[in-house]
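The next block holds one structure in the form of structure tokens; read it before the comments.
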Amino acid sequence: MAVTTCKDTLLHLVRALPVPLPETVPYLGVGEFAVRRGRTYATILVDTNTHRPMDVLADRTAHTFAAWLREHSEVRIVCGDRAGSFLDGARAGAPQARQVADAWHLLHNLAEAVEHVVGRQCAELCEPLTVGTDQDDSCLPTDTVPTARGELDVHGDVRGP
């Protein structure tokens, strides 16, 4: 239509649009964020189907979260980091909901567990692999005959001199 308009007019038109009514939220994501780092924290609630924010709560207490959940009895799954206040709030406000960990926290917990196991086994992992003395050298290719030390690298290949 080639009509010129200013940005303030467009913002006014966008702000005049009706706010869509919140839909039912059977799958709810919950997380906290810092409003003022180290001082003030809030809670964000996200519809995990649409990935759209549903609400922002003024704090991260179990009481506030439970009160919100009581108003939304359709919630069937609460997905989050399983922090104490969120666990307690979900139990009190939506006992019918199943609580699950989100993907980031599952992977983070897995990485910590692997790091713990590898840390315990570090001494054995740092020792070089050696070729046994009873091994038959006739099955090895001629260019991989064990060195005087008989050490293998991480791929099982004989280390050079």
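The values are calculated or read from the model by the stated rules, or taken from the named source; none is laboratory data. Since we're looking at a predicted model, the values are computed, not measured. Cβ coordinates were reconstructed from backbone atoms using ideal geometry, including for glycine residues, and neighbour counts include every protein chain displayed. For the accessible areas, the whole protein counts, side chains as well, though only heavy atoms, and no ligand, DNA or RNA atoms are used. Shrake-Rupley method; radii C 1.70, N 1.55, O 1.52, S 1.80 Å.
Taking the listed residues Val14, Val46, Val3, the one that is β-branched (Val, Ile, Thr) and surrounded by 12 or more Cβ atoms within 10 Å (Cβ to Cβ) is Val46, with no other qualifying.
Taking every residue in segment 101-113 that is closer than 16 Å to Thr48 by Cα and pairing it with any residue that is part of a helix (DSSP H, G or I) and open to solvent by less than 90 Å² (accessible area, probe 1.4 Å), at least 6 positions away or on another chain, the pairs with Cβ-Cβ distances below 8 Å are Ala101/Asn109.
Would you confirm whether or not segment 28-47 contains a residue that is in a helix (DSSP H, G or I) and either among the β-branched types (Val, Ile, Thr) or within 14 Å of Gly93 (Cβ to Cβ) (or both)? Within segment 28-47, none of the residues are in a helix (DSSP H, G or I) and either among the β-branched types (Val, Ile, Thr) or within 14 Å of Gly93 (Cβ to Cβ) (or both).
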